[in-house]
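Please read the structure below before turning to the comments.
The numbers here are math on the coordinates, done by the rules we state, and not lab data. All values derive from a computational prediction rather than experimental measurement. Positions of Cβ are generated from backbone atoms using ideal geometry, with glycine treated the same way; all protein chains shown enter the neighbour counts.
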């Protein structure tokens, strides 16, 4: 018996989900006599990845605050494709009052929206934002659309004391390889 294609992930702050044990306790009496196959999917790796992005510009337009960042739908397709929500937080803590912002990428597409109505403190160009729960399907769904090199991937130890680059950032040479002979 196949009971599903993935367990849920808490993408938004304060979202509460059942524990794996809750699923097991509910299903055990019913399925004890069956062989059960399951796919935990993104629930295993979503929390293991963070996409760091730099603020390029901040602009106010028609009563909305737009935070334009250097990440885009090419690095994290899920918001544009599915309307997926990812919590977005500043890397450095500030004490300004959070207000809603549209966090958008620089790609020339109206769907290059990473987060809508994200509560962010005042940010400025050069500030770093962390897009959380980006560990599932980020790199495998990424593309070089708009001639954008894919970012590096870095593994950080659980204590935060050490790190290692596991995939180098693509270069222009990488993008042109196979295109020009």
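Using all alpha carbons of the chain, what is the percent of pairwise distances in each 10 Å bin, ordered from the shortest bin to the longest?
8, 31, 31, 19, 9, 2, 0
Work out, step by step, the length gained on full extension between residue 130 and residue 27: first 0.36 nm times the residue separation, then minus their alpha carbon distance; give nm to one decimal.
Values: separation 103, 0.36 × 103 = 37.08 nm, distance 3.63 nm.
Stretched out fully, the residue 130 to residue 27 stretch lengthens by 33.4 nm.
Which distance in Å, rounded to a whole number, links the C-alpha centroids of the range 8-70 and the range 114-181?
Going from one Cα centre to the other spans 18 Å.
How do 166, 99, 53 line up, fewest other C-beta atoms within 10 Å first?
Result, fewest neighbours first: 166, 99, 53.
Can you compute the FRET efficiency between residue 47 and residue 144 using 1/(1 + (r/R0)^6), with r the Cβ-Cβ distance and R0 = 22 Å? Round to the nearest 0.05. Mind dumping the intermediate values first?
On the way: r = 27 Å, r/R0 = 1.22.
So the FRET efficiency works out to roughly 0.25.
With angles folded into 0 to 90 degrees, how steeply does helix 20-31 sit against the dominant principal axis of the chain? Use alpha carbons for both and round to 10.
That helix lies at roughly 40 degrees to the long axis.
What FRET efficiency, computed as 1/(1 + (r/R0)^6) with R0 = 30 Å and r the Cβ-Cβ distance, is obtained for residue 56 and residue 159, rounded to the nearest 0.05? Display every interim value, and only then the final one.
Details: r = 32 Å, r/R0 = 1.06.
So, using R0 = 30 Å, E works out to roughly 0.40.
What 222 nm value per residue comes from the helices of the chain, counting each DSSP H run with n ≥ 4 as -39,500 (n - 2.57) and dividing by all residues, nearest 500 deg cm²/dmol? All intermediate terms of the calculation are to be shown ahead of the outcome.
Details: 4 runs with 26 residues, N = 181.
Value at 222 nm, helices only: -3500 deg cm²/dmol.
Roughly speaking, what is the stretch gain from residue 173 to residue 82, that is 0.36 nm per residue apart minus the C-alpha to C-alpha distance, in nm to one decimal?
Length gained, residue 173 through residue 82: 29.6 nm.
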